[in-house]
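**Q** Quick one: the structure is below, and I'll ask about it shortly.
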Amino acid sequence: MIEVLAKLGRGPVFLAGEVLECVITFTNPLSASSTSASSEMLAWASAQIHCQFHASENRVVLPPSDGSKHDVQAENETVFVPNRGERGQCILSTPPKILFCDLRLDPGESKSYSYSETLPIDGPPSFRGQSVKYVYKLTIGCQRVNSPIKLLRVPFRVLVLHGLKDYQFPQDEAVAPSNPFLEEEEGLKKDSRLADLATELLMVATSRRSLHLYNISNTRGKVGSFCIFKTVYKIGEDVIGTFNFSEGDIPCLQFSVSLQTEESIQEEFQRRRGQPVSFSTHARHQEACLHTAQSSFSLPIPLSSTPGFTTNIVSLKWRLHFEFVTSGESAGTCLVRGSQSEAVTWTGVEQMEVDTFSWDLPIKVLPTNPILASYVSQFSSTNSITI
């Protein structure tokens, strides 16, 4: 028996273009209850990153797949097929890397191997929607002699930040701050600069503030106004907005604000022409606001959500969806006098004519620091199998 343990050192979330590093340890455990122990042999082990695309057959017409790729692996086959048995199509993969050949482990012995690979910068982000899914995995395959191949899959999440692909790092390293007492490999240095550049670009894009003021009105008149100070956010931030109903002519009885994503399939891949767009609600605020002069809301963008993106098959956009319930009468008729005595009691009317209308405000949601997103990731940094 051999235990195979794969550990992602920094966490299970990465930016496209970063270097994924994984330490894979092979151990021949020495059991205290075992009376006899022997050496174990592995013929080879290899690792490869791939992205699986899966689509709902009711909503999406899949593009043609490559028929030359295998999905079933024979018992005695030695060809490494990392996406064997996976649903959907493998739309992206890195070249496989051999970890070792002919490994012998004595009882209680273990050996570790380091795997590193740059994540393709032009790939799609990780996404699990109502119509399509993009799933990234690092697959480690190993085989005993005359035995079937065993696969250890390590799922991880990829965030895509547009603009990194076109950035050219300076050739002259002398202008960059460095520590002469530390030696750093070129790949690690570039990876670190890539993460710093992404953090800087995100900070610049999401820190710009300017007043956006919108008038809220229906066919009968003005209801109020809405104010928001920015429309570009990172996942993990809060969307904050304020309402002013004091200048409105039409009383607003209730409002709700929903933070939603809009998942739409490109026209050439739609199962039915003109099929509806899929919406998902991530946060919602609802409030009764009759006789309220001002109000506000704060909606958190979940760290586990997917920033907006577009591929040749699907696009994901973010928006704020507003719904207003207004009175068909003036504000003074929303209350009635309960008695004629000196102690006046005002109560709400039993029935009221109301109007409802909605409004959508598009916003832009970008990725965040992958280390921060790793704290709430559903994936584990450590995965293992026994062969």
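**Q** Report, ordered by the first and then the second residue, all pairs with beta carbons closer than 9 Å, sequence separation of six or more or different chains, a first member in the stretch 337-365 that is closer than 30 Å to Thr306 by Cβ, and a second member that is at pLDDT below 90 and part of a loop (DSSP other than H, G, I, E, B).
**A** Close Cβ pairs (under 9 Å, with a partner that is at pLDDT below 90 and part of a loop (DSSP other than H, G, I, E, B)) amount to Phe357/Thr219.
**Q** Counting just the residues of the stretch 93-111 that are surrounded by 12 or more Cβ atoms within 10 Å (Cβ to Cβ) and assigned to a strand (DSSP E or B), which one comes out farthest from the chain's Cα centre (by Cα)?
**A** Leu105
**Q** Identify all residues within the stretch 206-252 that are over 24 Å from Thr306 (Cβ atoms), among the aromatic types (Phe, Trp, Tyr), open to solvent by less than 50 Å² (accessible area, probe 1.4 Å) and assigned to a strand (DSSP E or B); write none if there are none.
**A** Within the stretch 206-252, Phe226, Phe243 meet the criteria.
**Q** Pull up the stretch 151-165, narrow it to residues that are assigned to a loop (DSSP other than H, G, I, E, B) and more than 16 Å from Asp196 (Cβ to Cβ), then point me to the one that is modelled with the highest pLDDT.
**A** Val160
**Q** If I ask for residues that are aliphatic (A, V, I, L, M) and either part of a loop (DSSP other than H, G, I, E, B) or open to solvent by 40 Å² or more (accessible area, probe 1.4 Å) (or both), which ones from the stretch 272-324 would you list?
**A** Val277, Ala288, Leu290, Ala293, Ile301, Leu303, Ile313
**Q** Another one. Given (1) at pLDDT 95 or above; (2) open to solvent by 70 Å² or more (accessible area, probe 1.4 Å), identify the lone condition not met by Leu62.
**A** Status for Leu62: all satisfied but (1).
**Q** Another one. With more than 15 Å from His321 (Cα to Cα), buried (at least 17 other Cβ atoms within 10 Å of the Cβ) and either in contact with a strand residue (DSSP E or B) (Cβ under 6 Å, 6 or more places away or on another chain) or among the charged types (D, E, K, R) (or both) as the only criterion, which of Phe255, Phe269 stands out?
**A** Phe269
**Q** For the structure I just gave you, tell me whether Ser225 is of a type in the set (Gly, Ala, Ser), farther than 24 Å from Phe279 by Cα and in contact (Cβ under 8 Å) with a residue 40 or more places away in the chain.
**A** For Ser225, the condition - of a type in the set (Gly, Ala, Ser), farther than 24 Å from Phe279 by Cα and in contact (Cβ under 8 Å) with a residue 40 or more places away in the chain - is not met.
The values are calculated or read from the model by the stated rules, or taken from the named source; none is laboratory data. Since we're looking at a predicted model, the values are computed, not measured. Ideal geometry is used to build each Cβ from the backbone, glycine not excepted, and the neighbour counts take in all protein chains shown. Please note that ligands, DNA and RNA were not included when accessible areas were found on the heavy atoms of the full protein model with its side chains. Shrake-Rupley method; radii C 1.70, N 1.55, O 1.52, S 1.80 Å.
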